[in-house]
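Input: a single structure, listed below in structure tokens.
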Amino acid sequence: MGTPVHDRKRQVQYVKQRVHLIQQMLEQMENSEDMQPADLDRLHDLFNKTQIKIEQFKQDWN
């Protein structure tokens, strides 16, 4: 995920991949007895980065 994404179809695909990654992380947390605060920090960071990317995509759609 290192190259810029400019067309809408690829942007939607990017967001879907991020959501899928978040879902996988949550499932691992749910099934883990060893969850640490750092795990929540990583999840929070991923949410923030996804939100930033969505805001960038919104600019492309205008």
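Identify all residues within segment 12-21 that are among the hydrophobic types (A, V, I, L, M, F, W, C) and without any contact (Cβ under 8 Å) to a residue 12 or more places away in the chain; write none if there are none. Scanning segment 12-21 gives a single hit, Val12. Taking each residue of segment 22-44 that is surrounded by 10 or more Cβ atoms within 10 Å (Cβ to Cβ) and looking for partners that are part of a loop (DSSP other than H, G, I, E, B) with beta-carbon atoms closer than 7 Å, six or more apart or interchain, yields Met29/Met35. Checking every residue in segment 14-21 against the condition of being at pLDDT below 95 and among the hydrophobic types (A, V, I, L, M, F, W, C) gives zero matches.
Condition check: free of Cβ contacts under 8 Å to residues at least 40 places away in the same chain, exposed (fewer than 13 other Cβ atoms within 10 Å of the Cβ), not in a loop (DSSP other than H, G, I, E, B) and not aliphatic (A, V, I, L, M). Does Lys9 satisfy that? So Lys9 fits the description; yes.
The values are calculated or read from the model by the stated rules, or taken from the named source; none is laboratory data. All values reported here derive from a predicted model rather than from experimental measurement. FYI the Cβ positions are ideal-geometry reconstructions off the backbone, even for glycines, and counts take in every protein chain you see.
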